[in-house]
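See below for the structure under consideration.
The values are calculated or read from the model by the stated rules, or taken from the named source; none is laboratory data. Remember, predicted model here, so these are calculated numbers, not experimental data. Glycine also receives a Cβ, built like all others from the backbone with ideal geometry; neighbour counts cover every protein chain displayed. Heavy atoms of the whole protein, side chains included, go into the accessibility calculation; ligands, DNA and RNA do not. Shrake-Rupley method; radii C 1.70, N 1.55, O 1.52, S 1.80 Å.
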2 protein chains.
Amino acid sequence: MFAFLCGALILLAFEPGLSAAEVKFKYAIKEFSVPLDHFSFLNNTSFNIRYLYNDSYADKSNVKSPIFFYTGNEGDIEWFAQNSGFVWELADKLRAVVVFAEHRYYGKSMPFGSDTFNSSKPEHLAYFTVEQALEDYAMLITYLRDGRQLPVVAFGGSYGGMLSAWFRMKYPHIVIGALAASAPILQFPGLTPCEIFNRITTTVYETAYNANCSANIGKSWKAFETLAANDAGKKQLGDLFHLCDPIKNADDLNEFLDFLEDVYGNLAMANYPYNSTFLAPLPPNPVRQLCFYLKDLHQKDDDLIKSMASALAVYTNYTGTEKCVDYKYSKSGDTLDNKGWDIQTCNQMVMPFCSNSSDTMYRTKDWNLKDFTEKCYKKYQLTPKPYDIELRYGGNNLEAVSNIIFSNGLLDPWSGGGVLQAPNNQVHVIILPEGAHHLDLRQSNPLDPPSVVDARQREAAIIAGWINEA
Amino acid sequence: MFAFLCGALILLAFEPGLSAAEVKFKYAIKEFSVPLDHFSFLNNTSFNIRYLYNDSYADKSNVKSPIFFYTGNEGDIEWFAQNSGFVWELADKLRAVVVFAEHRYYGKSMPFGSDTFNSSKPEHLAYFTVEQALEDYAMLITYLRDGRQLPVVAFGGSYGGMLSAWFRMKYPHIVIGALAASAPILQFPGLTPCEIFNRITTTVYETAYNANCSANIGKSWKAFETLAANDAGKKQLGDLFHLCDPIKNADDLNEFLDFLEDVYGNLAMANYPYNSTFLAPLPPNPVRQLCFYLKDLHQKDDDLIKSMASALAVYTNYTGTEKCVDYKYSKSGDTLDNKGWDIQTCNQMVMPFCSNSSDTMYRTKDWNLKDFTEKCYKKYQLTPKPYDIELRYGGNNLEAVSNIIFSNGLLDPWSGGGVLQAPNNQVHVIILPEGAHHLDLRQSNPLDPPSVVDARQREAAIIAGWINEA
């Protein structure tokens, strides 16, 4: 549940990075050799990570020409390049070289090639950590600088934002600052209540159109269970929702309900004011669209479920071209990148999620580290280290940190795990009341709400200030 | 050459940590379990590091009682505890808990027990890095704090000082500040000229008594070679210097001359104004004592070498109880701790040393990374990473650093690789014109020069300030 920080890419038909925007942001695709293990002297193996490179904006006569360095996160780096238009726009304005670095174990940056996730070789996963990725970036920047004192600014959204913040914390001699957009660096055990993500999502659905939306969703869980109690109901469910795989048993039903929960989270994240293809092809303000179909409080299960089917299509078939809805992660959602993130949640990215049906639209679910650990070990032979991140990056204790912008949209369920108060005056907190998941990092759009336009201006000014100081 | 940051413990008869001072500083000896590898998920093995613990100074009713945490370096931690009296004195004054943590792979903190340095198991050395040691300390502090927000100050001298500085840089959420005494964090390739150590040492010998001292030493190399050109001369050399092993060939002679160079460096480091047993039992101002025997410029090799023999005894036999001088590292100096440091110079602690006979009292020697690398691989199957430290800890680029005191004595050859200029006003640089290697970290003594007394007062005030702010 909610395991995917950037949202689950749950439709096979949706191919990230192949949107029309790709034409716009151009780059050379390059490779850079990095040690498999930066931290021990056990083996000297290396492999290549990819990075995207564009120096067309840069003033080549400027010996202090800045580098904008996107600390790639859990996916193919081209996808992030196409969905982080602000980086390109600001590079144009401030005449910077643009680099998007691909995170090891994602995209084409596989340490063991197609054998990387071979489940019979769990030792392949040993070097899939935040620290190794940051070292990759530190080495790549050192190489790109080639001895020159070029100021480097880190950028990232979501997990990429966490990386950019941590990169500045640990390598302030390499990056002069970081824009960490929608970076939930506090979404770890003991730092943030586990129910916050679902509470925020509930609020978004309560307020997008009218409060019947979240009320209907809250009632729907029981309605689905009632309907699926017999075979005819199961078939009806499959037909109504155009499911690719029939619901045959309780496990299938549960998987379908989990899928719905993910959809609600994803839609809240991608609740942008204009058409987007970030997590799926979506209309503007997709939560409002979905909630439009749920504007009437349904008393009858039958009516409720029919409305839910219409509502869900906002996410699953906005283009009208999808043949069926693939709710089975175990089958379809298990792309390499999704698998990567699932693995990371089983080593360091241990983010507890829970919910209570009494104050959210979700089913009641507890978080249990022991069960989670067992599941991880069974799947990957990995034992999660839930306190690794806090130990290394300080949790709430950020007093010594400088030159980071933490931006969070209040429509974004991840904002609950974000840094919403500045620990000192060298850290900038920017709140976007009308922003979904790292909306500020996206290309500017005439439909951007004023708070986002304003945030980008502030971010640009702060970053320009860092560069001038350097 | 000069491979030992704290000086080579080259006399078998000298047992570190067993001085009279031991009676004074009391502690419980405890153990703490740490992961063998903090940074990968390859194995879940753990082992115990030792630490020394004393809470007798602490105000147990104070919920913000500070912890003084010595980041152990290359040796048995008891040795450092007994040679870092300032930590204890300040703990008494500021009512702090005192912890001295032993560095992995030293003392009794061996990851693979007596098999740790088994040369047929080079994989045992994989986890012998700065980063692993710092993580050990971060985990130990987290355990000791037990959820309480106790302010922790890191202390360290020499390599321990480097660790305390790096610890504050990377874990500012865990330590509020660090006293890094005589910490040559810039003694790495490309950051500091490789000849600086020997230049400073030469200056110390030029000025300790009179300039004939360094002039005699400078002339001695050729005199030794001339004398050792035949068998009678070799025997004479062995007799004059009371060598445990005879000089039989050119290799022996070279080893003896290397030994002399180390002695000069060690004496400069331990050039304290009072009796000490830090690197060997020594008189006050030992360089001056040695130079007293070399005060006349000798024209005849014979006279020169006889004077050298008397001079050297200041280091090798100040107690008058040594039977012979063991110049063969390959045999005697190869204690476990010395071996540990030699290994670290072959992975991350790549510190280039060179000298030129035209402007130092040393023989001309170049630094050659290729040769060094080959030697390391042959000895330990390790390939040195000479730029690891700069990549991770920033080299000269310390602008984002805060709350570190870098203290350096100008009599200390290691001061050449120290931080002598503050990058900002949150970093404090304290220069001790009359100080040898981390003299300020030692127990106070009536013979302390005023600059050291003064430095300790400033250090105490700065540290008290950090604690008050916390």
Legend entry - Which numbered condition A:A229 misses (of (1) without any contact (Cβ under 8 Å) to a residue 12 or more places away in the chain; (2) open to solvent by less than 10 Å² (accessible area, probe 1.4 Å)): (2)
Legend entry - segment B:232-271, residues that are buried (at least 17 other Cβ atoms within 10 Å of the Cβ), free of Cβ contacts under 8 Å to residues at least 40 places away in the same chain and under 16 Å from B:A313 (Cα atoms): B:G238
Legend entry - Odd one out for A:F278, checked against (1) open to solvent by 30 Å² or more (accessible area, probe 1.4 Å); (2) under 15 Å from the mean Cα position of the chain (by Cα): (1)
Legend entry - helices (runs of 4 or more DSSP H) (entirely within segment B:175-255) containing at least 1 residues that are more than 26 Å from the chain's Cα centre (by Cα) and in the same structural domain as B:T345 (by TED's automatic domain parsing): B:212-227, B:231-240
Legend entry - Residues within segment B:111-144 that are within 13 Å of chain A (Cβ to nearest Cβ) and either in contact with an Asp or Glu (Cβ under 6 Å, 6 or more places away or on another chain) or of a type in the set (D, E, K, R) (or both), tallied: 6
Legend entry - Breaking point among (1) open to solvent by less than 80 Å² (accessible area, probe 1.4 Å); (2) within 30 Å of A:N275 (Cα to Cα), for A:T321: (1)
Inset, instruction - List every residue pair whose Cβ atoms sit under 9 Å apart, with the two residues 6 or more apart in sequence or on different chains, where the first one lies in segment A:296-314 and is closer than 14 Å to A:V325 by Cβ and the second, anywhere, is of a type in the set (K, R) and modelled with pLDDT under 95. - result: none
Legend entry - Criterion: of a type in the set (D, E), touching a Phe, Trp or Tyr at 6+ places or on another chain (Cβ under 7 Å) and surrounded by fewer than 24 Cβ atoms within 10 Å (Cβ to Cβ) - qualifying residue of B:D59, B:D37: B:D37
Inset, instruction - Evaluate segment B:97-104: report whether one residue or more is surrounded by 22 or more Cβ atoms within 10 Å (Cβ to Cβ), away from chain A (no Cβ under 14 Å) and either of a type in the set (S, T, N, Q) or more than 22 Å from the chain's Cα centre (by Cα) (or both). - result: no
Legend entry - Failed item in (1) more than 14 Å from chain B (Cβ to nearest Cβ); (2) over 14 Å from A:P273 (Cα atoms); (3) basic (K, R), with A:R442 passing the rest: (2)
Legend entry - Test for A:N397: is it more than 14 Å from chain B (Cβ to nearest Cβ), on the phi < 0 side of the Ramachandran plot and modelled with pLDDT of 95 or more: no
Inset, instruction - Give the residue, chosen from B:S119, B:S109, that is touching a helix residue (DSSP H, G or I) at 6+ places or on another chain (Cβ under 9 Å), part of a loop (DSSP other than H, G, I, E, B) and under 30 Å from B:F25 (Cα atoms). - result: B:S109
Legend entry - Hits in segment A:68-85 (condition: outside any helix (DSSP H, G or I) and open to solvent by less than 10 Å² (accessible area, probe 1.4 Å)): A:F68, A:F69, A:Y70, A:T71, A:G72, A:N73, A:G75, A:S84
Inset, instruction - Name the single residue, out of those in segment A:371-429 being assigned to a loop (DSSP other than H, G, I, E, B) and among the hydroxyl-bearing types (S, T, Y), that is most open to solvent (accessible area, probe 1.4 Å). - result: A:Y387
Inset, instruction - Inspect segment B:244-264 for any residue being in contact with a Gly (Cβ under 7 Å, 6 or more places away or on another chain) and of a type outside the set (A, V, I, L, M, F, W, C) and give the result as yes or no. - result: yes
Inset, instruction - Would you tally the residues in segment B:37-55 being of a type outside the set (D, E, K, R) and at the interface with another protein chain (Cβ under 7 Å from one of its Cβ atoms)? - result: 5
Inset, instruction - Working carefully through the options B:A460, B:A470, B:A464, B:A436, find the one that is surrounded by fewer than 18 Cβ atoms within 10 Å (Cβ to Cβ) and modelled with pLDDT under 95. - result: B:A470
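Okay, residues lined up against (1) touching a helix residue (DSSP H, G or I) at 6+ places or on another chain (Cβ under 9 Å); (2) surrounded by 24 or more Cβ atoms within 10 Å (Cβ to Cβ):
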{"position": "A:T142", "(1), (2)": "yes, no"}
{"position": "A:G147", "(1), (2)": "no, no"}
{"position": "A:W166", "(1), (2)": "yes, yes"}
{"position": "A:K170", "(1), (2)": "yes, no"}
{"position": "A:V175", "(1), (2)": "yes, yes"}
{"position": "A:A181", "(1), (2)": "yes, yes"}
{"position": "A:P193", "(1), (2)": "yes, no"}
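Conditions tested, residue by residue: (1) at pLDDT below 95; (2) of a type in the set (G, A, S); (3) more than 21 Å from A:I462 (Cβ to Cβ).
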{"site": "A:R148", "(1), (2), (3)": "yes, no, yes"}
{"site": "A:F155", "(1), (2), (3)": "no, no, no"}
{"site": "A:Y159", "(1), (2), (3)": "no, no, yes"}
{"site": "A:S164", "(1), (2), (3)": "no, yes, no"}
Inset, instruction - Pick out the one residue from A:T383, A:T321 that is over 22 Å from A:M269 (Cα atoms) and within 14 Å of another protein chain (Cβ to nearest Cβ). - result: A:T383
Inset, instruction - Looking only at segment A:149-159, decide whether some residue is assigned to a helix (DSSP H, G or I) and buried (at least 24 other Cβ atoms within 10 Å of the Cβ). - result: yes
Legend entry - So B:Y159, is it more than 14 Å from chain A (Cβ to nearest Cβ), over 24 Å from B:Q344 (Cα atoms) and hydroxyl-bearing (S, T, Y): no
Inset, instruction - Being closer than 19 Å to B:K306 by Cα and touching a helix residue (DSSP H, G or I) at 6+ places or on another chain (Cβ under 8 Å) is the filter here, so list the residues in segment B:195-211 that pass it. - result: B:Y205, B:Y209, B:N210
Inset, instruction - Pick out the one residue from B:H103, B:H124 that is part of a loop (DSSP other than H, G, I, E, B) and at pLDDT 95 or above. - result: B:H103
